[in-house]
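First the structure, in the form of structure tokens, and then the observations on it.
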Amino acid sequence: MKELYTGKLYWPETSRKTREYEPLRENKKTQVAIIGGGMTGTICSSILVKNGLSVVMLERDRVAGGSTSANTGLLQAGNDIMLCDLIKRIGERDAAAFYRACREAIDMIAAEANALSVDVGFERRSSLYFASTEQHLPKLRQEYDALKACGFDVEFWLPGDIAEHFPFRKPGAIVSHGDAEINPYRYVSALAEDAVTAGLQIHERTDVVPLHKATDGKYHLRTTDGFEIEAEHVVYAVGYEPEELRGQLIKAELNRSFAVVTGVQPNLQSWHERFLIWETARPYLYLRTTPDNRAIIGGLDEDSGQPLHSDAGRRKRSLRLLEKLGSLFPGLQAPAEYEWSATFGESRDGLPFIGEDPKWPKVYYCLGYGGNGTAYSMLAAHVLRDLIRGEQHPLSRIVKLDRPSLTSI
């Protein structure tokens, strides 16, 4: 079992005791078996069951207990790969379609969050994407032009505009409206409970061994405890590349990142409208606030597929993140109360992997590589819903596992 994070997490401590689900203790038949109970698996399960499909979701640990707990909860249409760069890679039409789909995914998450009986911390926010250096300014203007042409609600702020709203000055920035923030742990936990009410079956502490296909065309999933699920369709929503695909199709890299949540800040007035903040430098710094007036800072990505185990090493990086926060907001003085290191994946072409296995009909993957994984999860749910129903989603060609944009990388 891949270790996804180390350190002390913030989100699980914001939630009441979450519901527990019994392990699988009998053989079952279903239309769709979903392996993975994190953000992606839960959103996919919810969408599919609400579209009339019978669904069983299998999670080897606890729902929302993996990468979801280490997610910083920024929901943005902007991606790790700039729109202007994506246009060069896959063409203007497809790049614009992908970016618009990410924006629409945020609207769908908003609708889901607002329909839940639990407050999941969803709030609309604008984003400030600033040029880290003067050298980045021409590219940032190019990105602004591409977003504007694509119909996004964006502004370009000059250094004086930034200084007028924030206690720091940068060479320039794109302000994007319509983004959001969320408590990912509460959202996934509440969405799972809501989906169970709609007919979803969830089994935690249920580990699945590699599947096999029977002569009747059905897939048989056997658990390590010896029970079996018979399914017409199988969805892998495991966060990173499953063993069945290891090294065959997916061109991606696993790295680790770091995050800090401060203590309650007594004065957040200098943080204009609680904007989400990130920058053009790579690896980039990203920041947001919380409903209880804390600051979240993340970044310092490193080329390692394993989270950092050393407490002293994590603390050293936490202090660096706090220094970066202090350079932007000198008035924020509360120390770190939570700090962690987490594994994350980046695809080589900047897009998620969503679609059917080219060699295994009716076996699907939704692997949301990149910093925009929550939006990708909602996007994946709708792509897979259409594929399972025998329909073609407009984005399926762009994000499929054997897409043309990977052939030259």
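The values are calculated or read from the model by the stated rules, or taken from the named source; none is laboratory data. Note that the structure is predicted; figures quoted are calculated from it, not measured. FYI the Cβ positions are ideal-geometry reconstructions off the backbone, even for glycines, and counts take in every protein chain you see.
Summary of values
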{"quantity": "Selection within the range 55-111 - in contact with a strand residue (DSSP E or B) (Cβ under 6 Å, 6 or more places away or on another chain) and either without any contact (Cβ under 8 Å) to a residue 40 or more places away in the chain or at positive phi (or both)", "calculated": "Gly73"}
{"quantity": "Residue count for the range 337-380, restricted to those that are modelled with pLDDT of 90 or more, closer than 27 Å to Ser132 by Cα and surrounded by fewer than 20 Cβ atoms within 10 Å (Cβ to Cβ)", "calculated": "1"}
{"quantity": "Subset of the range 289-321 [farther than 14 Å from Lys8 by Cβ, assigned to a strand (DSSP E or B) and among the aliphatic types (A, V, I, L, M)]", "calculated": "Ala295, Ile297, Leu300"}
{"quantity": "Test: residue in the range 395-403 that is within 30 Å of Leu300 (Cβ to Cβ) and assigned to a helix (DSSP H, G or I)", "calculated": "yes"}
{"quantity": "Residue tally, condition among the small types (Gly, Ala, Ser) and modelled with pLDDT under 95, over the range 92-124", "calculated": "1"}
{"quantity": "Whichever residue in the range 50-70 is under 15 Å from Thr197 (Cβ atoms) and surrounded by 21 or more Cβ atoms within 10 Å (Cβ to Cβ) and, among such residues, is farthest from the chain's Cα centre (by Cα)", "calculated": "Val55"}
{"quantity": "Flag for Gly37 being modelled with pLDDT under 95, under 20 Å from Thr206 (Cα atoms) and either out of contact with any Ser or Thr (no Cβ under 9 Å at 6 or more places or on another chain) or assigned to a loop (DSSP other than H, G, I, E, B) (or both)", "calculated": "no"}
{"quantity": "Lone qualifier among Asp179, Asp161, Asp207, Asp153 - being at pLDDT below 95, of a type in the set (Asp, Glu) and on the phi < 0 side of the Ramachandran plot", "calculated": "Asp207"}
{"quantity": "Yes/no for Ser405 being more than 21 Å from Arg288 (Cβ to Cβ), hydroxyl-bearing (Ser, Thr, Tyr) and touching an Asp or Glu at 6+ places or on another chain (Cβ under 9 Å)", "calculated": "yes"}
{"quantity": "Residue satisfying all of: in the range 71-83; part of a loop (DSSP other than H, G, I, E, B) and of a type outside the set (S, T, N, Q); nearest to the chain's Cα centre (by Cα) among these", "calculated": "Gly73"}
{"quantity": "Test: residue in the range 110-118 that is buried (at least 19 other Cβ atoms within 10 Å of the Cβ), acidic (Asp, Glu) and under 30 Å from Thr197 (Cα atoms)", "calculated": "yes"}
